[in-house]
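Here's the structure we're looking at; comments come further down.
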Amino acid sequence: MTGIEPQPGIMEIAPYVSGESRLAGHDDVLKLSSNENPLGCSPAARAAFAAAAPDLHRYPATDHAALRRAIGEVHGLDPDRIICGVGSDEVLQFVAHAYAGPGDEIITTEHGFSMYPILARMVGAIPVTVPEAVRRIDVDAILGAVTERTRIVFIANPANPTGTMLGADDLSRLAEGLPPRAILVHDGAYTEFADGFDGGASLVDRHPNAFMTRTFSKIHGLGGLRIGWGYGARGVIDVLNRIRQPFNLSSAQMAAAEAAVRDTAFRDHCADLNARMRRRMRESLIQMGIGCDESFANFVLARFADPDEAEAADAALRGDGILVRRVGGYGLPAALRITLGDEIGTTRVIDSLGRFMAARRPA
């Protein structure tokens, strides 16, 4: 022991465990454990990243102006109200550091993204977890948990790992029910997979205490570059920029992201494929007797009879070279989160689970 002690709450954080990517004994591993885009990224983004190589010795722009302008033009938003970060996780971290501290409370939900309580403990705040209503965010439960110490409410919508989603009326009721001192953070990482959804932009425009985040890791296929962004009131963005490191994004990251967001044809192609595979996967799971809520993301949550059956299903999939995500840590021990792949990948999953379920049925 050195006598050096971390800040309170740090040692309560369980290190994040990412989805597996390798499986012993299998050369053709189908990785469906991290909600990655099966089509990769836009060719335009790949070309922009390569084109940035000659200038890697130069410091990047600190204001992210070109990327913010591109995001604003594509999504119809004010670039001056956009902030960029190393994945949306860093933007969420900005909010936690800026608006919560020791003794404050940060509300998360029963099956919410595991980073939220980590962010609370990171700043010494108290994570308050409220129940969901049949794997769906419960607005009344959140509002009922608000106290004078509540500073932040984190929600993912569409939600991870359930894939369920709150509509505009519920989102408005939640924002309107919060006290002005509490900020509602709408994490919209899977926005593009929910047809017609603006990711919370209109919510932010109506409520000064609402803030939204988005990412380039999902539909844009740039998870390996770690790029995200947030949109909020000018005053909030000004606060967050004061704690953002000036060179948090490289020139290559920004070039790839700008090309990706402008390639709307590739984005729409990915969204179309995802919608078709999501419908096919859910219908197949239900026909097999596996529970599956309607998903608005790029994955489905397959619900089995009990944790033992979920474990056995996972083992069967692994035996066929398929990696999915166990979600017991999210309070769903009888479920598996399955990223939606392409046509071939979807067929592999359906065939594997079909054989598994057929073997479990009475003769």
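With only Lys, Arg, Asp and Glu charged, each at its Cβ (+1 for the first two, -1 for the last two), find how big the charge dipole of segment 39-152 is about the Cα centre; round to the nearest 20 debye.
Numbers: 10 positive and 14 negative charges, 66 e Å.
Charge dipole of segment 39-152: 320 debye, to the nearest 20.
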Original post:
Which whole-number percentage describes the relative contact order of the chain, with Cα contacts under 8 Å and a sequence gap of 6 or more?
Top reply: 24
Original post:
With labels modelled as points extended 7 Å from the Cα through the Cβ direction, what inter-label distance (nm, one decimal) is found for ALA265 paired with HIS26?
Top reply: 3.5
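Show me 47-57, 221-231 ranked by packing, highest mean number of other Cβ atoms within 10 Å first. If you can, show how the numbers build up before the last one.
On the way: 47-57: 12.9, 221-231: 22.9.
Put in order of decreasing packing, that is 221-231, 47-57.
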Original post:
With a sphere of radius 13 Å drawn around the Cβ of MET115, what net charge do the other residues whose Cβ falls strictly inside it have (Lys, Arg +1; Asp, Glu -1)?
Top reply: -2
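Among DSSP beta bridges lying fully in the chain, give the percent that are antiparallel, nearest 5. Intermediate values should be presented prior to the final figure.
Working: 16 of 35 bridges.
So the antiparallel bridges in the chain amount to around 45 percent.
Percent of Cα-Cα pairs more than 26 Å apart in segment 73-190, please.
16
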Original post:
Of the listed peptides 349-360, 322-333, what is their order by residue-averaged count of other C-beta atoms within 10 Å, with the highest listed first?
Top reply: 322-333, 349-360
Original post:
What does a probe at ARG173 reach in segment 132-148, counting residues whose amide N is under 18 Å from the point 7 Å along Cα→Cβ?
Top reply: 132-146
Subject >> Dipole moment magnitude, nearest 20 debye, the chain about Cα centre, only Lys, Arg, Asp, Glu C-beta charged >> reply: 380
Original post:
In nm, what is the difference between 0.36 nm times the number of residues separating THR62 and ASP306 and their Cα-Cα distance?
Top reply: 82.8 nm
Subject >> Filtered trypsin sites (Lys or Arg not before Pro), segment 37-144: DSSP coil and at most 12 other beta carbons within 10 Å >> reply: ARG58
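When the chain is fully extended, how far beyond the present Cα-Cα distance does ARG206 get from ASP55, taking 0.36 nm per residue of separation?
Details: separation 151, 0.36 × 151 = 54.36 nm, distance 4.13 nm.
Between ARG206 and ASP55, full extension yields 50.2 nm more.
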**OP:** May I ask you to compute the full-extension gain from ARG279 to LEU39, defined as 0.36 nm times their residue separation minus their alpha-carbon distance, rounded to one decimal in nm?
**Re:** 84.6 nm
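Roughly what % antiparallel, to the nearest 5, for the DSSP beta bridges in segment 169-324? Numbers along the way, then the final one.
Details: 5 of 9 bridges.
Of all bridge pairs located within segment 169-324, approximately 55 percent are antiparallel.
Bear in mind these aren't lab numbers, they're just calculated from the coordinates by the rules spelled out. None of these values were measured; they are calculated from a predicted model. Cβ sites come from the backbone with ideal geometry, for glycine too, and all protein chains shown count toward neighbours.
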